[in-house]
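Data first, discussion second: the structure below is written as structure tokens.
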Amino acid sequence: MSTVAVTSPSAARRPVPGRPRTESWSLLAVAAALGATVWTAVCYLPELSVRPLTSAAALLVAVGFAVAAVVVAAQPGRRSAGVVLAATAVLWPLNSLGGWNVGAMPLVRQLAECVFWVLLVAAVLLYQHSQFGLRERLFMTWIAVEFVGGQLLWVAISRPEWSGQPADAWWPSLAPDPAVFEVVRAVLAALYLPSTVLFAALVLTRTRRIAPVDRYSIAPVVGAIAVGGAAAGFSWSFYEGTTLLVAVLLVPLPLAFVYAATRLSRLRLRLTEALDASTAPDGTGPHAEVTAALRSVLRDPQLSMTFWSAERGEWIGETGQVRAPFAEGRVEIPVLRADGRLCAVVSTRATSLAARREVEAAVRLAGTVIENAGLRAVVQAQAEAVGRAHARTVQAGVEERRRLEQDLHDGAQQRLLGVLTLLAVARQGAAGGDGTAVDRVEREVRKALAELRDLAHGLHPTVLTRDGLTEALTELGERLALPVDVRVGVGRLEPALETSIYYVVSEALTNVGKHAGAERAWVRVAPGDVGVDVEVRDDGVGGADPTGRGLLGLADRVVALGGRFILHSPAGAGTRIRAWVPCG
């Protein structure tokens, strides 16, 4: 099954191959009908006055197959089926060459009839799918052996009059034997029924395996096969009047090919009506209803839409969740905005190229409605992401306060209590002139002050308030036990924005030091289109977990500010964190 995969917005801009001009194919269909009329009239000339009804029915069949050949060939991916149908239009009138009773004409008529049925079977299978698998190749080999090989054997062991042909007709009889001839005739007649059953089973099996939209288009052909297939049973009898019955039974089949093609094209009209019913006059409406309309018309309950958010750099599902647009065995159809930028991807099933082209046309028709639905989905996703980030930020704040409380209790508080004890000891030893206890008190006080200073620095670094981002981030890099290249291309910013950027870089460098196994890191802060771009990368082991507490907190801090956060960390290729923080 072929699949269209859009891996990037730029890939979606490639134009879809165009459809042939309708006017050209219409003229070709008219020319084919005229040619089939003339060809049938020539072949049936000796019988026009003798069997007018048979001649008229044969003309309908030939013209029908000629027009069907053009209509089918005009569909993308079905040109081979159209060519085979054109061959059937040429072969069918040859069924009457026996009426000429000249030279090898009766023999040509006999063989042309057999080849006609073989090609008709091939045309039906090619119409379903343009490629043959092993089963199809084996079946076509069997049909060719049965019909063409059987007919050649028939001719080799018979005389022309045994098949209802003139006795003086040219007939390459190698070993004519009436008894063997009757046996071969009976065997060939007996093989027809199982071959018909196998053909029906193969068609039904292939029909069940194709996409619903393909089944919708091919249903008229499958239905007509039941009628046209019955005609093959009569083709082996050469009694008067049989040709008329066969022709009448065959007429629905080419008409079914034409109707199937127009039925597929009507998908676009039905989609327009469904979208009109599901959207408001201004072109808006719940995207769930737009999806339901597409699913109904395209007969695919699993159809889904995924919207591209250029601002967030990610794919958004119909309900606002972040998701990947691609699925195995699905056809991904890009939807472009008026300016050519990628808007969305519609994921559906379409086995044949013709059905896929019609689905693409239908989706393009719904482009404006899908674009509006995408805008609403992106806004919904943004609101939900901010809400989740806010909730996690609040929870992180609660946990951070608890941690600070614990750090104060277990660290500076305990150390200061110890200092009080040492002071008591020092007071007792002061009279003896021992200064050891006093020295210890001084050291402990200095340690306590250092811990309190570090704690206060963690709450809000003084260097950031005093000197700005450049000095603060440079100091952060110097603390790390590996070289850090810091480049800041912005001046002083709003205090809240500077604090957010500082903590993004601080947490990112902390992760580098703890988990990256890197030899070097880089920090870049530069002005962006609508804010500040922040990038922290390293040359470590990569494979960072985006759901980890540290990275998730980073993402929440950025999203809560209305920004974007992107993590790129392939295994073995380092980690790259990018954040866009809006100004104002």
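Order Asp556, Asp539, most accessible first, counting only protein heavy atoms with a 1.4 angstrom probe.
Working: Asp556 10, Asp539 70 Å².
Descending accessible area places them as Asp539, Asp556.
Kirkwood Rh over Cα pairs of region 92-160 into Stokes-Einstein at 20 °C, 1.002 mPa s: D in µm²/s?
Details: Rh = 13.2 Å.
Diffusion coefficient, whole number: 162 µm²/s.
The heavy atoms of Trp154 offer some 10 square angstrom of accessible surface to a 1.4 angstrom probe. Excluding ligands, DNA and RNA, the accessible surface per residue across region 466-515 is 51 Å² with a 1.4 Å probe. Legend: residues Met140, Met105, Met305, sorted from most to least accessible area (1.4 Å probe; ligands, DNA and RNA excluded), read Met105, Met140, Met305. Using the Karplus relation 6.51 cos²θ - 1.76 cosθ + 1.60 with θ = phi - 60°, the per-residue 3J(HN,Hα) values for region 132-144 come to 9, x, 4, 4, 5, 5, 5, 5, 5, 5, 4, 5, 5 Hz, with x marking Gly and Pro. With the simple spin-label model, which puts each label point 7 Å out from Cα in the Cβ direction, the Glu182 to Leu204 separation comes to 3.6 nm.
For Ala481, what charge total do you get from the other residues with a beta carbon under 13 Å from its beta carbon, if Lys and Arg give +1 and Asp and Glu give -1?
On the way: positive: Arg479, Lys514, Arg520; negative: Glu478, Glu519, Asp538.
Net of charged neighbours comes to 0.
Averaged over its residues, region 84-213 has an accessible area of 45 Å² per residue, based on protein heavy atoms and a 1.4 Å probe. So what are the ³J(HN,Hα) numbers for region 42-55, from phi and the Karplus equation (6.51, -1.76, 1.60; θ = phi - 60°), rounded to whole Hz, Gly and Pro as x? Couplings: 5, 5, 9, 3, x, 10, 4, 8, 7, 10, x, 5, 4, 5 Hz. What the Cα convex hull of region 52-183 gives, in volume per residue, is 112 Å³.
Scalar couplings 3J(HN,Hα) for region 108-119, obtained by applying the Karplus form with A = 6.51, B = -1.76, C = 1.60 to θ = phi - 60°, are 4, 4, 4, 6, 4, 4, 5, 4, 4, 5, 4, 5 Hz; x denotes Gly and Pro. Convex hull of alpha carbon positions in region 139-220: directionally averaged projected area 7.2 nm². Summarising the amide proton neighbourhood of Val486: residues at separation of 5 or more, or on other chains, whose placed amide H is nearer than 5 Å comprise Val523.
The values are calculated or read from the model by the stated rules, or taken from the named source; none is laboratory data. Since the model is a prediction, treat every value here as computed from it, not as a measurement. So basically every Cβ, Gly included, is an ideal-geometry build from the backbone, and we count neighbours across all protein chains shown. Ligands, DNA and RNA are stripped out before the accessible areas are found, and what is left, the full protein with its side chains, is counted by its heavy atoms. Shrake-Rupley method; radii C 1.70, N 1.55, O 1.52, S 1.80 Å.
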